[in-house]
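K.L.:
Pasting a structure here, questions to come.
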Amino acid sequence: MSLYSPEFEADVSWPAEATRRMNRMYRWQRHIYDGTRRYYLLGRDRLISGLQPAPGSNVLEIGCGTGRNLVLAAGLYPEARFFGIDVSTEMLTSAITAISRRGMTDHIRVAHGHGTAVDPQLLFGLPSFDHVMISYSLSMIPDWRRVLAAAAIRLRPGGRLHLVDFGNQERLPGIARALLLRWLRKFDVTPRDDLEAVLSTMAESTGADLKFERPFRGYAQYAVLTLPPEPKRP
Ligand SMILES: C[S@@+](CC[C@H](N)C(=O)[O-])C[C@H]1O[C@@H](n2cnc3c(N)ncnc32)[C@H](O)[C@@H]1O
C-alpha cells in the first residue's frame with residue numbers, strides 16, 4: 001500500500017473488540033499508571049524533547065493513554081496544538097481529567113479511535129498533522145504495521161513520525177531478558193522486532209529519512225521518520 005494512496009480510507013466504525021480489551025487492561029491500572037510507568041517506559045521524555053514543533057504545528061499522539069505525554073509536550077511547546085486518540089475509553093477518562101486539571105483544554109484535544117483509522121478531518125477538523133508520536137503503543141496493537149501506514153498518510157509532506165517502544169532486549173543478560181519478556185506478555189506487550197525493517201521499507205518507498213536507535217542496551221527502540229517535502233511519485 002502506498003503511503004500516499006488516495007484509496008486509504010479510515011475505518012471509522014466503533015472498534016468494539018479493541019476497546020473492550022484495552023478497557024479490561026486499564027480499568028484499574030489507569031489509576032496507578034503514571035506513577036508506575038515512569039520507571040520502565042524509558043525514552044518518552046527524549047521523544048518529547050525531540051518533537052520541536054514549529055509554532056502553530058499540529059501534533060497527534062496515537063495511543064495517548066492517560067495524556068501524560070500530551071500534557072508534558074503542551075507545557076514545553078505552548079505554541080503548538082496537541083491531539084490524542086486512544087481506543088480505551090478508560091484511558092481517555094484519565095487523559096481528559098489530566099488535561100482539564102492543568103487548564104490545557106485549549107491546547108489539547110483527545111478523541112476515541114483506533115490507531116489504524118486516524119481521520120484528522122472527522123476527529124479534529126484538520127487536513128493533516130505536522131507530527132505524529134507513538135509511544136509504547138505499537139507493542140500492544142496487533143495490526144501495528146497498519147497503524148504506521150495510517151500515521152504516515154496523515155502527515156503533511158515534510159512531517160515527522162516519532163516512535164519509542166520496547167526493543168527486543170538483545171543486549172540485556174539472558175535471564176533478565178527472559179524475565180522481562182515474560183512479564184511484558186502479561187500486559188499484552190510484544191516488542192516489534194521487525195520495526196526497523198518495516199520503517200526502512202517505508203522510508204525507501206517514500207523517500208523519507210529514517211533515524212533509528214536501540215537505546216538502553218536494546219531495552220527500547222527509538223525512531224524518527226521525516227517525510228520528504230514533496231511526495232515521491234511512483
Ligand atoms: C502502554 S500505553 C502507552 C500510553 C502513552 N502513549 C504513554 O507513553 O504513556 C498503550 C496505550 O495504547 C492504547 N491502545 C492500544 N491499542 C490501541 C489501538 N488499537 N488504537 C489506539 N490506541 C490503542 C491503550 O489503550 C493504551 O492507552
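Since every read-out is calculated from the coordinates, none of them should be taken as a lab result. All of these numbers come straight from a predicted model, not from anything done at the bench. Positions of Cβ are generated from backbone atoms using ideal geometry, with glycine treated the same way; all protein chains shown enter the neighbour counts.
K.L.:
Step through the residues of the stretch 89-99 one at a time and calculate ³J(HN,Hα) from phi using the Karplus curve (6.51 cos²θ - 1.76 cosθ + 1.60, θ = phi - 60°), rounding each to whole Hz and writing x for Gly and Pro.
P.N.:
Residue by residue, the stretch 89-99 yields 6, 5, 4, 5, 4, 5, 4, 4, 4, 5, 5 Hz.
K.L.:
Quick one: putting +1 on the C-beta of Lys and Arg, -1 on the C-beta of Asp and Glu, what dipole do you get for the chain around its Cα centre, in Debye to the nearest 20? Spell out each step's value before the answer.
P.N.:
Values: 30 positive and 24 negative charges, 180 e Å.
Approximately 860 debye in magnitude.
K.L.:
Here's a follow-up. For the chain, what is the Kirkwood estimate of the hydrodynamic radius, computed as the reciprocal of the mean inverse distance between distinct Cα atoms, to one decimal in Å?
P.N.:
Values: mean 1/r = 0.0558 Å⁻¹.
Value: 17.9 Å, from the Cα pair sum.
K.L.:
How far apart, in nm, are two points set 7 Å out from the Cα along the Cα-to-Cβ line at residue 178 and at residue 194?
P.N.:
2.7 nm
K.L.:
While we're here: For the chain, what does the helix formula give at 222 nm: sum of -39500 (n - 2.57) over DSSP H segments with n ≥ 4, over the residue count, nearest 500 deg cm²/dmol?
P.N.:
Numbers: 9 runs with 86 residues, N = 234.
Value at 222 nm, helices only, nearest 500: -10500 deg cm²/dmol.
K.L.:
Among residues other than residue 33 whose Cβ falls under 13 Å from its Cβ, what is the net charge (Lys/Arg +1, Asp/Glu -1)? Please list the in-between numbers first.
P.N.:
Working: positive: 27, 30, 37, 38, 44, 68; negative: 34, 86, 90.
Taking every Cβ under 13 Å from that of residue 33, the sum is +3.
K.L.:
Let me ask something additional. State, in angstrom, two size descriptors of the stretch 145-222 derived from its alpha carbons: Rg to one decimal place and Dmax to the nearest whole number.
P.N.:
14.3, 44
K.L.:
Rg/Rh for the stretch 53-171 to two decimals, with Rh computed the Kirkwood way over all alpha-carbon pairs. Display every interim value, and only then the final one.
P.N.:
On the way: Rg = 13.6 Å, Rh = 14.3 Å.
Ratio of gyration radius to Kirkwood radius for the stretch 53-171: 0.95.
K.L.:
When Lys and Arg each count +1 and Asp and Glu each count -1, what net charge do the other residues less than 11 Å away from residue 48, Cβ to Cβ, add up to? Present the calculation step by step, with values, prior to reporting the outcome.
P.N.:
Working: positive: 44, 46, 68; negative: 45, 61.
Residues near residue 48 contribute +1 overall.
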